[in-house]
Amino acid sequence: MTVIATQQLRKVYGNGKVALESLSLEVGRAEVFGFLGPNGAGKTTAIKILMGLVAPTAGSVKVFGLPPGDPAVKGRLGFLPEHFRFYDWLTGRELLDFSGRLAGLDAARRRRRVDETLRLVGLAEAADVHIRGYSKGMQQRIGLAQALLHEPELVLLDEPTSALDPLGRREVRDIIRRLKGEGVTVFLNSHLLSEVELVCDEVAIVDRGRVVRSGPLAALVAGERELRVLVDHVTDEFRARLEGLGSVLTASDTEVTLAVADGEAAPLVAQAAVELGVQLHALVPAHRRLEDIFVQAIEGEAG
Amino acid sequence: MNALLIARLTLKEAARKRLLLLVVIGSVLFLTLFGVGLILLLGQVRAQMAGSGAGRQGIAVFSAMMTLMGFYMLNTLAGLSAVFISVNAISGDIDSGTVHALLAHPLRRRDVILGKWLGYASVLALYVVVMSLALMAIAYFVTDFLPPAPLAAIGLMVLVTLVLLSLSTLGGTFLPTLANGVGLFLLYGLAWLGGMVETLGAALRSDTMVHIGIVVSLLIPSDVLWRSASFYLQPAAILAMQNVSTGGVVPFASATPPAAPMLIYTVLYTLGALGLAIAVFNRRDL
């Protein structure tokens, strides 16, 4: 079942800035979808359109099959904005209680969920402190809590870990995994590749308002392998042989990194080394990391 | 339903923020000054008029005029408060990004506008009623004067704050807080000026000046509403003074009851500004 579907979504702001060129996305139920791109790629605009905060200039967008911004849609989702801010004269508990009222939770469920989510985001101790007194990281945590309070089917997170320390980041990752386990669909905006790599099953790489690569994370990463070749000396002959086996990513006097299509390349590299009298110190196959794919996709687009 | 939750939150905010405390302190100060000033002035007037035949009548007129002045100041205070408390109600939430988190909940944009409006309207109405009653009580204890129809006057003064509240809400949907505030004060000042021009025009029998005053009143009916309210605060003696002698104009006050079309216009104006605020807010990117 499709939870989010957009077709050729375009957004041009009043000042003529094109935030989205043509965005077509599909996010299925219970997927953790990573929306990845450099700053200014249009990620926040996209998430705002999905939330009904910004109207697209052209194209279509459906969330749960309905136009975004519809209260019926918003009742089924939770949203953590990039810089979460709320009335800072409320305490964390009061904020969540208000949030629960707006979501239509009855008093008993509200009380239970407020306590549960406060514990989940690690704010149980600061529950009765005014948000004014919260650190940036705590504000982000309470923002996450209000997004999860009403047990939504879809959670949209815009750079959820930007204000968090490494420990906080890990906790957020754990929460995302937990949501996935509960069958919740997660739409994650991020420029942090490691974050997306660790939790997402589907990834779309966006640059300058359009998707440049997309697909299941496993397929994106598995399709390309890397081979590190460490030798005593890279001769011209040896290098020429390597170029016949894959594309050279980096090369120095003693080391060459190759992008290769499959696992067959390693024995061929070893064979070439032996034939050419090059001393082979190490041959390290590795999956290409999302970061490399990301950089390649963005640079390919730019070039 | 959700609008009521927002209204409740707005009331809570008003109660919790220092702003309300400030307003209460300022208001108590104002009432104290009014009471003390009244006692001192009345003592002087009594001393001067002692012995003269028109003493009783003179003191009655003086008391009524002073009470009218008190209400005039209260009306100004309430109008300024209406602008102050609501000027960043919408634009502030937009600037801070609070509106993103708020609108992520299952509510419509109009719920936010209506809820905040309702919340502030309740605070302002309560303020005008309580302050008017306090003012009347002080005036009564000091001078024995009671306005002839205070309820109608209080109702119209509440309407003054609602006109300004709706305008401020409308401005907040598309202007930054500062521009909204400056614009509102300009309009408020313009209304006052228009009222003066109209009153003077009537005294000088200048149709042009009266027409200018009327156009300004249509643009921003806060002052014309006050002048309507003033009619209900003046005893027959003062009204007669204004009517008989051409030079006997009481500034800031009107000797004629409000016209029904003007009242209908003002109510439509208030609702129209609120409706426009919703329409603008519905359409804008946040």
Taking chain A as a Gaussian network, where each spring joins two C-alpha atoms under 10 Å apart, which residue of A:His130, A:His281, A:His191 fluctuates the most?
A:His281
When every alpha-carbon pair in the protein assembly as shown is counted, what percent end up more than 42 Å apart?
44 percent
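What value, in deg cm²/dmol to 500, does the helix sum -39500 (n - 2.57) over DSSP H runs of n ≥ 4 give at 222 nm once divided by the residues of chain B?
Details: 12 runs with 235 residues, N = 286.
Computed ellipticity for chain B at 222 nm equals -28000 deg cm²/dmol.
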Work out the mean other chain Cβ neighbour count within 10 Å for the residues of A:100-109 and drop it here as an integer.
3
CD proxy, 222 nm, chain A: helix-only mean residue ellipticity via -39,500 (n - 2.57) per DSSP H run with n ≥ 4, per residue, nearest 500, stands at -11000 deg cm²/dmol
How far is it, in nm, from the label point at B:Val129 to the one at A:Arg289 when both lie 7 Å from their Cα along the line to the Cβ?
6.7 nm
Here, chymotrypsin sites (Phe, Trp or Tyr not before Pro) of region A:20-96 satisfying both criteria (DSSP loop; at most 16 other Cβ within 10 Å) are A:Trp89
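Output the pairs from A:Lys11/A:Lys43; A:Lys17/A:Lys74; A:Lys74/A:Lys136 with a Cα-Cα distance over 20 Å in this structure; if there are none, say none.
Values: A:Lys11/A:Lys43 12 Å; A:Lys17/A:Lys74 28 Å; A:Lys74/A:Lys136 26 Å.
Too far apart for the 20 Å limit: A:Lys17/A:Lys74; A:Lys74/A:Lys136.
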Alpha-carbon centroid distance for the pair region B:145-192 / region A:169-199, whole angstrom
50 Å
Helix A:92-102 vs. chain A, principal-axis angle (Cα, 0 to 90°, nearest 10)
80 degrees
Checked chain A against the a/c 1.5 cut and the a/b vs b/c comparison, axes a ≥ b ≥ c from its Cα gyration tensor; verdict prolate
Taking only Cα atoms, what is the 0 to 90° angle, nearest 10, from helix A:136-148's long axis to the longest principal axis of chain A?
70 degrees
Shape parameters for region B:160-222, alpha-carbon atoms, Rg then Dmax in Å:
13.5, 42
Give me the distance between the Cα centres of region B:7-68 and region A:229-245, rounded to whole Å.
96 Å
Using only Cα atoms and rounding to the nearest 10 degrees, what angle (0 to 90) does helix A:166-181 make with the longest principal axis of chain A?
80 degrees
Suppose we flag GluC sites (Glu not before Pro) only when DSSP calls them loop and at most 11 other Cβ atoms lie within 10 Å. Which is the longest uninterrupted stretch of chain A?
A:1-181
Given H placed 1.01 Å from N in the peptide plane, which residues other than close sequence neighbours of A:Ser24 have an amide H under 5 Å from its amide H?
A:Gln8, A:Leu9, A:Val211
Taking every residue in A:66-76, how many Cβ atoms of other protein chains lie within 10 Å of its Cβ, on average?
2
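Values in this text are rule-based calculations from the coordinates and carry no lab data. The shown structure was predicted, so the numbers you read here are calculated from the model rather than taken from an experiment. All Cβ positions, even for glycine, are placed from backbone atoms using ideal geometry, and neighbour counts span all protein chains on display.
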